[in-house]
Amino acid sequence: MRSLILTPRTMPETTVDFRAPPPSPVASGRRSTVTNNEFLTEFLETSLRVPDLVLPDKIFPKQINDETPPKVDFVALCFHEDEDLIDVVLESIARFGCFQLINHGISPGIVAAAVEVAGGIFTVPPDMRDAVTRSPEKPRGFEEHDDEVEEKEGRELNEEFIWCKNDEELKLKLEGIWPIGYPNFSKKMETLQSRVEKVAEKILAIILKNVTKKLASDGDIIGHGNEVGTLCCIYKHHQDINRNDHWVDSLKYDVIRMLIRGTDYSHSLCLHVCDGSSEFHVYSKKSWLTFCPEQGALVITAGDQIQVLSGGHYKDVIGKAIFKGKREDNISMAFLYSPQNSKKLQTNMERPISLGQQAILVVILNLMYHVLIFVFKKV
């Protein structure tokens, strides 16, 4: 048998050709930067690709079209205190979160004058609105929109302005950028707001008088935003452009935005001035009510404070007037009412004196008794 003999020629070849195994990808210090970048890029493109998401229709609240909130006579409710009407109001707020108020005593002339001047606020040029545009630091003013995105997607059908008569900073800025129109705007808006507040005060007293659940934390309001009193949301609804798909897309966008944001301002009641609207929509997380409002009526929706004070029995909803099929621009207003400069709602419900307060009263009376006895003895 022939044996294998290693010659001197074969030994060096084996030694020269020996190489260490390639390094692990984790310890890539010896690999080139170009190779690493290519590997990382390929990995990111494969694993971090975000799919296109399409929201299904079922995310929207269930829409109710065959019911209409009741029409309630203001005089019979608040001055005659009709028990049947009170029950109708309370049931409607619990079921729908809203009702319609007729015969409220606010003259159509006052409403029309305020609507006319309210539309003037949107004549302020866009390049002058920056000083009065809403932000986390400035909660009142024009609502900021992404014009490029809205024009591309066809979403925006209205403009929005938040006004408060007690906001002195906002007042000074508006006087600076709109010196001719603001004085008349302020006068007419304050006239309407004073009438609306009187109506809201009466309605709120009736509701709270009939709240059966004890007020949480002895009546403390959970929320914020009532330090400045009533706020007014002014909406400019642009004319219908005869594109039904545009209108539907905008409506769905508004629904999602409002349900996510809710309302930025805590309030007890919201009184909507929406004469001429074709529909009124009431949104909550569980339902979406659509109805045709009575001409001249105020649509009243319940706010978060009402929901808290009732222990969740009454619904906190968001209302919006809809002007569909209109050939001109329209104005609607929503007054967010809550008691000004007050952290507690005053109700007609009796509040018992606690045992601690009774004990303090006994101690004070006892001290006063001994002081009087001491004084009489000296005399």
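A compact table of results
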read-out: Packing rank of 264-271, 129-136, where each peptide gets the mean count of other beta carbons within 10 Å, highest leading; value: 264-271, 129-136
read-out: Gyration tensor verdict on the stretch 64-117 (Cα atoms; rounded if a/c is under 1.5, prolate if a/b is larger than b/c, oblate otherwise); value: oblate
read-out: By average C-beta atoms within 10 angstrom, highest first, the peptides 79-86, 200-207; value: 200-207, 79-86
read-out: Listed peptides 298-309, 169-180, 274-285 by packing density, highest first (mean Cβ within 10 Å); value: 298-309, 274-285, 169-180
read-out: Extension reserve of the Val75-Thr123 stretch, reckoned as 0.36 nm per residue once the Cα distance is removed; value: 13.5 nm
read-out: Members of Lys165/Lys285; Lys173/Lys326; Lys165/Lys198; Lys187/Lys320; Lys165/Lys236 lying beyond 23 Å, as alpha-carbon distances in this model show; value: Lys165/Lys285; Lys173/Lys326; Lys187/Lys320
read-out: The stretch 169-213: Cα Rg divided by the 2.2 N^0.38 Å rule of thumb; value: 1.79
read-out: Accessible area in square angstrom per residue, the stretch 156-196, 1.4 angstrom probe; value: 46 Å²
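The values are calculated or read from the model by the stated rules, or taken from the named source; none is laboratory data. None of the values given here were measured: they were computed from a predicted structure. Please note: Cβ atoms are built from the backbone with ideal geometry, for glycine as well, and neighbour counts cover all protein chains shown. The area values use the complete protein model at the heavy-atom level, side chains included, leaving out ligands, DNA and RNA. Shrake-Rupley method; radii C 1.70, N 1.55, O 1.52, S 1.80 Å.
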